[in-house]
Amino acid sequence: MRKKQIVVIGNHNATEVQASTAYSIGVYVAKKKFALICGGRGGVMESAARGAVENGGLVIGILPDDTFAAANQFCSIVLPTGIGYARNSMNVLAADLVISIGGEKGTLTELAYAWHYGKPIVACSFTGGWSEKLAGTRIDNSREDIIKNAHSLKEVFQELDILSQ
């Protein structure tokens with residue numbers, strides 16, 4: 001049986017709030033026995049990966065680089081793509097749910113891809129960046145739903161609970 005796959009996206013230079021949020025989400029993803037997928041590098045990606053791995057979870061890092069060396073130490077499986085940030089498309093295609101924390105230009109591209117591919121998105125508006133700007137909105141009218149606005153970790157956890165039903 002395939003595990004549910006949660007993609008966590010966000011800043012490579014995370015603030016304390018973003019890092020602690022990512023860590024807590026990683027912990028919860030592991031406890032739900034879901035797989036965590038991220039860009040495999042630092043910041044939000046590393047914090048989420050650490051939370052998952054420290055709680056027995058599986059972490060898949062999809063790297064823009066062509067070697068394993070750029071991966072953070074908490075990735076269980078590393079997929080070097082060698083395609084640069086075009087890999088952002090691969091990240092979100094692997095998602096049953098995308099969770100956005102903070103976010104700069106790379107996160108914005110992942111959010112656009114996730115929207116385009118019809119992936120459900122939860123944006124942690126309390127973490128700033130593109131997550132705050134796009135939470136509760138539609139990128140365009142190609143979909144009926146919205147980017148869900150999580151005002152707290154509790155609301156993120158509720159979305160993960162729904163996915164496990």
### Query
Calculated from DSSP H runs of 4 or more alone, at -39500 (n - 2.57) each and per residue, what is the 222 nm mean residue ellipticity of the chain, nearest 500?
-11000 deg cm²/dmol
### Query
Which entries in the list Lys32/Lys148; Lys31/Lys119; Lys31/Lys148; Lys31/Lys105; Lys3/Lys148 go over 25 Å, if you measure between the two C-alpha atoms of each?
Lys31/Lys105
## Note on the structure
With +1 on the Cβ of every Lys and Arg and -1 on the Cβ of every Asp and Glu, the dipole magnitude of the chain about its Cα centre, in debye rounded to the nearest 20, is 360 debye
#### Entry: Which of Asp65, Asp145 has the fewest Cβ neighbours within 10 Å, and the rest in rising order
Asp145, Asp65
### Message
Per-residue counts of other Cβ atoms within 10 Å, averaged by peptide: what ranking do you get for 6-16, 103-113, highest first?
### Response
6-16, 103-113
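Any read-out appearing in this document is the output of simple, stated calculations on the displayed coordinates, not a laboratory observation. Because the structure is predicted, anything quoted here is derived from the model rather than measured. Every residue, glycine as well, gets a Cβ built from its backbone with ideal geometry; the counts of neighbours run over all protein chains shown.
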